[in-house]
Amino acid sequence: MDRRRKDELRQAGLAVGGGLLLTAAFPKIALAAAAWVALVPLLWALREARPAEAFRRAALFGIAHFASLLYWLVPTMVRYGGLPALPAVGILLLFASVLSLLFIAPAAAGLVLAVRRPRHLLLGLPLFWAGSEYLRSVLFTGFPWALLGTSQIGWLPFVQIADLAGPYGVSAVLAAANAAVFLLLLAASGRSWQGSNLTRRAAAGSAAAAACLAAAVWGYGVWRIAETDRRAAEAPRLRVAVIQGNIAQSMKWDPAFQAATIDTYVRLSREAEAQAPELIVWPESAAPFYFLAEIPPTRRLLEGIAGSRAHFLIGAPAFELRPGGAADYFNSAFLVAPAEARVLGRYDKAHLVPYGEYTPFKEYLPFLGKMVEHVGDFTPGPEGRTLAMAGRTLGIQICYEIIFPALARALVANGAELLITITNDAWYGKSAGPYQHFALAVLRAVETRRALVRAANTGISAFIDPSGRVHEPTPLEVEALAVRDIPLLAGRTPYVACGDLAPAAALAGAAGLALAGLRRRRREASQKDLPLSRRSVL
C-alpha cells in the first residue's frame, strides 16, 4: 500500500472516530464533555485536505455519527415496518448518508475553502456548523434531531443562551471550543492548517478567547436561571397530572385490548385525582380509536372520567369527511371538560413524521410504507394553534413536533403559557431513542421560558421547568403517574421574538465565505497558469 493511500486511511479513521465520539455526547451514553472535543478529529482530518477530500472525510464523519446515533431505527423498521434486517440496515445507512452529504460534508468543504489562516477557525467553524444545523432544521421538512447543543442539557448554565439564539447558539459555542482545542494541538505539534502555520502565542490567544466566551455563556446562564426561578416563584400555577399507561405497541391498536387500554388510563387518572390536579394529560393516541366518532369506546371513556373536577387532554386520532365521501385523518389531542360533558378544543398535529404518518415519494420508493397502523396518511393541522382552558392558554406538541424549535416558538408567540408534549415512544423500547427524544424537550423549555409537561405512553414522562430542570421523570415501560404545580410564565424571549435570525445569518455568512474562498482559489489557479511576467504581485 503506497504512502498516499495509507495517509488517506488514517484521515478516514480520524473522521470515523470523531463521528463516533460525537454520538457519545448524546443519550444513552450522554458524555456531555465529548461534545467539546468531538469535532477535533474531523478538523485534524481536514488539516491539509483539498475541498473534495474534505467533502469525503466529513461524509465519513457524518455517516459514522448518524448511523450510530440512530441505530434504534433498525429494530423499529424490522418489528413494525415488516422489513428484513438487512434492508433495514441499508435504509439506516442511506438516511445517514443523505444527512451527511447534504449538511456535514458541504460545511466541511466550505470551511476548507473559506479558512486559510488557522486562527480564523475560531469564527469559521461556529459559522459553518451552526449554519449547517439550521439548514438541517428547515430543508426537506427538517430533521433537527440531536443538534450539537442538545448534548449539554446536563450542564444547564451552558444551554441558557438558547433563549437568545435557540439551540444553534449553544452549538456555536461548542464549535468555538472545539476550534480552540484544535488550534492548541496544531501549535503544540508544529503542524499547519492549509499550509499556514500557527504560533503557540496565537493558539494561546485563541484558546483564551474561547475560554472567555465559555465563561461569559456560563455567567449568563447562572444569572438567567436565578432570574427565571424568581419569575417562576411569583407566577400563577396550574396543577397538572401526567398519566403513563405503558401500553405495548403490539397491543395498542388491537380491538381486543381497546377496553383494557381505556380502563387503564381511567384507573390511573382516578388515582391522580386524589392529588387534586386541574389538568390530567394522557399521551399520544392514549385513546386508540376515533374519539367522538366511534360511539361505544367514546362512551366508555367519557363515563370513566365523568364527574372529575379536572380537565383532560386526551391523545386520539380523528377524521373529517370531505365532500364526496373521502376523509382527512388527524393525529389529535382533545381538551375535555368532564364536569361540563363537552370538548373544549382539539389540536391537530401540524408537522407529521415522514414514513411514520405519511409516505412522501411513495411512487418512487414503493418498498417503504408507514410504520403506524392506520388507514391512509394523516393530514397536518395548522401550526401554532393553542387551546384555551379556564382562562389559561395551552400550547400542544405531539411526538415528533417537539424536535422543531420553530413550532414551540409559534405556540408561545400565540400566547401559550404552558407547553405540553404528548408522545408514544413505545416503538423504540429501551433503546437510546426515547432518551434522545426527551432531551429535545429540555431545550424547548429554555428557548421559550415556558414550563413543559411531557406525557409518554411508555415513558419518559416528566415536568420541565422554564430553566430546563427535569422533575419527576418516570422510568421506561412501567405504569406511572405524577402530579406537580406548574408555573405559568408570560412574555417573549429574544429567540421567540426574533426567531432564527441568528442561525440564518450564520448560514448566509458561511455561504458567503465559502463562495469567496472558491473565487480566491480559482483566481490563484489562474495566476499559476500565467507566465511569470504577467502574474499579479498580489
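The values are calculated or read from the model by the stated rules, or taken from the named source; none is laboratory data. Computed from a predicted model, the values in this text were never measured in an experiment. Every residue, glycine among them, receives a Cβ derived from its backbone with ideal geometry; neighbour counts consider all protein chains shown. Accessible surface is based on the protein model in full, side chains and every heavy atom, while ligands, DNA and RNA are left aside. Shrake-Rupley method; radii C 1.70, N 1.55, O 1.52, S 1.80 Å.
Looking at the range 318-329, can you tell me whether even one residue there is under 19 Å from Trp282 (Cα atoms), more than 33 Å from the chain's Cα centre (by Cα), in contact (Cβ under 8 Å) with a residue 12 or more places away in the chain and surrounded by 11 or more Cβ atoms within 10 Å (Cβ to Cβ)? No. Just so you know, in the range 490-515 the residues that are surrounded by 21 or more Cβ atoms within 10 Å (Cβ to Cβ) and hydrophobic (A, V, I, L, M, F, W, C) include one that is nearest to Arg230 (Cα to Cα), and it is Val496. Taking the range 244-275 as the range and being open to solvent by less than 50 Å² (accessible area, probe 1.4 Å), charged (D, E, K, R) and within 30 Å of Met77 (Cα to Cα) as the test, only Lys252 passes.
The rows are residues; the columns are (1) touching a residue at least 12 places away in the same chain (Cβ under 8 Å); (2) polar (S, T, N, Q); (3) part of a helix (DSSP H, G or I).
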site	(1), (2), (3)
Ala180	yes, no, yes
Leu183	yes, no, yes
Ala210	yes, no, yes
Asp229	yes, no, yes
Ile247	yes, no, no
Ala260	no, no, yes
Ser269	yes, yes, yes
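Of everything listed in (1) modelled with pLDDT under 95; (2) outside any helix (DSSP H, G or I), the single unmet condition for Leu238 is (1).
In the range 213-226, the residues that are of a type in the set (Gly, Ala, Ser) reach residues that are open to solvent by 60 Å² or more (accessible area, probe 1.4 Å) and not in a helix (DSSP H, G or I) with C-beta atoms within less than 9 angstrom, at least six apart or across chains, in these pairs: Gly221/Trp155. Restricting the first member to the range 332-361 and to residues that are on the phi > 0 side of the Ramachandran plot, and the second to residues that are open to solvent by 20 Å² or more (accessible area, probe 1.4 Å) and among the charged types (D, E, K, R), the beta-carbon pairs closer than 8 Å and six or more apart or on different chains are Tyr355/Lys370.
Within the range 383-398, residues that are touching a residue at least 60 places away in the same chain (Cβ under 8 Å) and part of a strand (DSSP E or B) have Cβ atoms under 6 Å from residues that are open to solvent by less than 40 Å² (accessible area, probe 1.4 Å) and charged (D, E, K, R) in these pairs: Arg392/Glu417; Ile398/Glu284; Ile398/Lys349, counting only partners at least 6 apart in sequence or on another chain. Scan Val74, Val78, Val40 and give me the residue that is more than 21 Å from Phe182 (Cβ to Cβ) and modelled with pLDDT of 95 or more. The unique qualifying residue is Val74.
Among the residues that make up the range 55-78, is at least one of them among the charged types (D, E, K, R) and either touching a Leu at 6+ places or on another chain (Cβ under 8 Å) or buried (at least 22 other Cβ atoms within 10 Å of the Cβ) (or both)? Yes; the residues of the range 55-78 include at least one that is among the charged types (D, E, K, R) and either touching a Leu at 6+ places or on another chain (Cβ under 8 Å) or buried (at least 22 other Cβ atoms within 10 Å of the Cβ) (or both). Among strands (runs of 3 or more DSSP E) entirely within the range 402-485, having at least 3 residues that are open to solvent by less than 10 Å² (accessible area, probe 1.4 Å) and more than 22 Å from Phe143 (Cα to Cα) singles out 462-464.
Condition check ((1) open to solvent by less than 40 Å² (accessible area, probe 1.4 Å); (2) within 24 Å of Ala462 (Cα to Cα); (3) touching a strand residue (DSSP E or B) at 6+ places or on another chain (Cβ under 7 Å)) across all residues:
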{"site": "Ala293", "(1), (2), (3)": "no, no, yes"}
{"site": "Phe312", "(1), (2), (3)": "yes, yes, yes"}
{"site": "Ala316", "(1), (2), (3)": "yes, yes, yes"}
{"site": "Ser332", "(1), (2), (3)": "yes, yes, yes"}
{"site": "Ala341", "(1), (2), (3)": "no, no, no"}
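Quick check on Pro380: is it over 21 Å from Trp253 (Cβ atoms), modelled with pLDDT under 90, within 29 Å of the chain's Cα centre (by Cα) and not in a strand (DSSP E or B)? When the stated conditions are applied, Pro380 does not pass them.
Among the residues of the range 26-38, those identified as closer than 21 Å to Pro126 by Cβ and surrounded by fewer than 24 Cβ atoms within 10 Å (Cβ to Cβ) are Ala32, Ala33, Ala34, Trp36, Val37. Taken together, the residues in the range 149-171 that are part of a helix (DSSP H, G or I), closer than 23 Å to Ala497 by Cα and either open to solvent by 20 Å² or more (accessible area, probe 1.4 Å) or not charged (D, E, K, R) (or both) amount to 15.
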